[in-house]
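Input: a single structure, listed below in structure tokens.
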Amino acid sequence: MTNLRSHIDPDRSTAPAPTQFKTAQNDHPVRCSVCGETFFVTDQIYQFAKEGIEAGLDNPFQCPACEEESDEYSYDG
């Protein structure tokens, strides 16, 4: 794959975003730990959530809307 930029933007994600419907890449259902909605995610995100739960932690997955809201609260101080 060719990188057309002179630098790599660490904030830019190439992974598919979680969706509320099943797709070819997002085929694992996971519930958001904040709002409880079901989202379909990639295998990598699914494994991340699964490992957190199996380790005895709370579900680490947050949907994009809840994650953004959580980020806004953390910046408010």
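For the reader, a short list of remarks on this structure follows.
- Residues whose amide H falls under 5 Å from that of H28, counting only those 5 or more places apart or on a different chain, are V41, with hydrogens built in the peptide plane.
- Amide H to amide H distances under 5 Å link V34 with C63, where only residues 5 or more positions off or on other chains count and H is placed in the peptide plane.
Every number in this text was worked out from the coordinates using simple rules, so none of it is lab data. Fair warning: this is a prediction, and the values are worked out from it, not measured in the lab.
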